[in-house]
1. Taking segment 271-287, which residues are within 22 Å of K80 (Cα to Cα) and surrounded by fewer than 17 Cβ atoms within 10 Å (Cβ to Cβ)?
2. Of the residues V68, V49, which single one is in contact with a helix residue (DSSP H, G or I) (Cβ under 7 Å, 6 or more places away or on another chain) and surrounded by 15 or more Cβ atoms within 10 Å (Cβ to Cβ)?
3. Could you please find all residues in segment 168-215 being in contact with a Ser or Thr (Cβ under 9 Å, 6 or more places away or on another chain), within 9 Å of the ligand (Cβ to nearest atom) and of a type in the set (A, V, I, L, M)?
4. So, I72, is that one in a helix (DSSP H, G or I), at pLDDT 95 or above and of a type in the set (V, I, T) or not?
5. Select from segment 127-141 the residues that are assigned to a helix (DSSP H, G or I) and either within 14 Å of the ligand (Cβ to nearest atom) or out of contact with any Leu (no Cβ under 8 Å at 6 or more places or on another chain) (or both) and write down the one among them that is farthest from G182 (Cα to Cα).
6. Only one of these is more than 16 Å from the ligand (Cβ to nearest atom), in a helix (DSSP H, G or I), under 25 Å from the mean Cα position of the chain (by Cα) and not aromatic (F, W, Y): L155, L144. Name it.
7. Any chance you could count how many residues in segment 145-157 are within 14 Å of I61 (Cβ to Cβ) and open to solvent by less than 60 Å² (accessible area, probe 1.4 Å)?
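The values are calculated or read from the model by the stated rules, or taken from the named source; none is laboratory data. All values derive from a computational prediction rather than experimental measurement. FYI the Cβ positions are ideal-geometry reconstructions off the backbone, even for glycines, and counts take in every protein chain you see. Protein only, heavy atoms only, side chains kept; ligands, DNA and RNA dropped before computing areas. Shrake-Rupley method; radii C 1.70, N 1.55, O 1.52, S 1.80 Å.
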Amino acid sequence: KINSISVTIVVGPSFLCFRNDIGMTTVFPLLYTVLFILGLSLNGLAAWVFLRIPSKSHFSIYLKNIVVADIIMTLTFPFKILADANLASVGERVFVCRVSSVLFYLTMYISILFFGLISIDRCRKTIWPFVGTSPRRLLHRKLLLGFIWTSLLALSLPNVILTSRPNTSSRFKCSDLKIEMGLKWHELVNHVCQVIFWGNLVTVIVCYMLISKELYKSYDRTRAQHQARPGTNAPHKKSIQANVFLVLAVFFVCFVPFHFARVPYTISQTQVRMFNCQQKLFFFQLKESTLWLSSLNSVLDPLIYFFLCKSFRSSLYIQLHRDKQENNRINYGTISTMETVQILL
Ligand SMILES: Nc1ncnc2c1ncn2[C@@H]1O[C@H](COP(=O)(O)OP(=O)(O)O)[C@@H](O)[C@H]1O
């Protein structure tokens, strides 16, 4: 009679599946350092301009919220840099998993949602250019924004609270710190965030298709007028195309790759037995690379205001000029500043 012997093959605890390679510990910290320096300077400058613009249109309110979200996101980079470069203590790495990463994701989805809202607003403005706003509608909009911040905060908070498993090892992953309920919540949040992203992507595409259609109609009208009266300026078709294309391109480059990479990575975090160590590392590296592209958005947003929004540049110029020439302040006035932001996105 052959006795059956049960053999347990010890694959090893998950923390033995090390993530440290040269790319992760040096290249990414360097890349995030570049983003931190650029992001802080550009968003600081954008905030400085926006602080001087009264919140009298939906558009300016949305842009101000994006600047706030981008600044908070940029401030989380130093913690990630220290943790990724293995320069952080255990306590600091726990802080990254519990607080700074959660804040990072929160601000990322705030930006995505506001991109969607801005597209709807620009679409409305293009199709019905003479429909203005009222204090009541502005109040509704501010309540909506408060609701968005609060809901995303409420969704993220359990990711802070349920990341509470004590860990003595110095090489842990964020998922190692999560209690079972924490892992389930993490998975749920990632599903909700996928819906937020793809929903907004569709909104942005549809809105910009409608905007381009309207712009072309108006382009043809103006060109006809231009031919009838040769002295007038016709808009450049190429610049219309470039503006519309650039906003979409930023959205695609920054966010689409991450949302594809996030799906298998979240599965590898929650269904630990489904993949082997090598596959897990591959999904992790894919997620980290695409996450950097998402972080790049915090630098590209202000560049969009600066380079594409001609009137933002002129507003900036006015602000700089005004500080130099205090006497001329009233002449430049708020009207031109208000008008400044009414373009592009
Ligand atoms: N979309 C999200 N919204 C809020 N918090 C999130 C989101 N995705 C992940 N988190 C939280 O951010 C922290 C880091 O998550 P993640 O990047 O998946 O882990 P790791 O850094 O180990 O790869 C975790 O606490 C996680 O629950």
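1. Within segment 271-287, just F282 meets the criteria.
2. It is V49.
3. Hits for segment 168-215 are L177, L183, V189.
4. Yes: the conditions hold for I72.
5. Top of the filtered list is P135.
6. Numbers: L155 fails: more than 16 Å from the ligand (Cβ to nearest atom).
Result: L144 is the single residue among L155, L144 that is more than 16 Å from the ligand (Cβ to nearest atom), in a helix (DSSP H, G or I), under 25 Å from the mean Cα position of the chain (by Cα) and not aromatic (F, W, Y).
7. Result for segment 145-157: 4.
To keep it simple, each residue is scored yes or no on (1) closer than 19 Å to Y32 by Cα; (2) hydroxyl-bearing (S, T, Y); (3) in contact with a Pro (Cβ under 8 Å, 6 or more places away or on another chain).
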| position | (1), (2), (3) |
| --- | --- |
| N86 | yes, no, no |
| S101 | yes, yes, no |
| Y105 | yes, yes, no |
| S119 | no, yes, no |
| C123 | no, no, no |
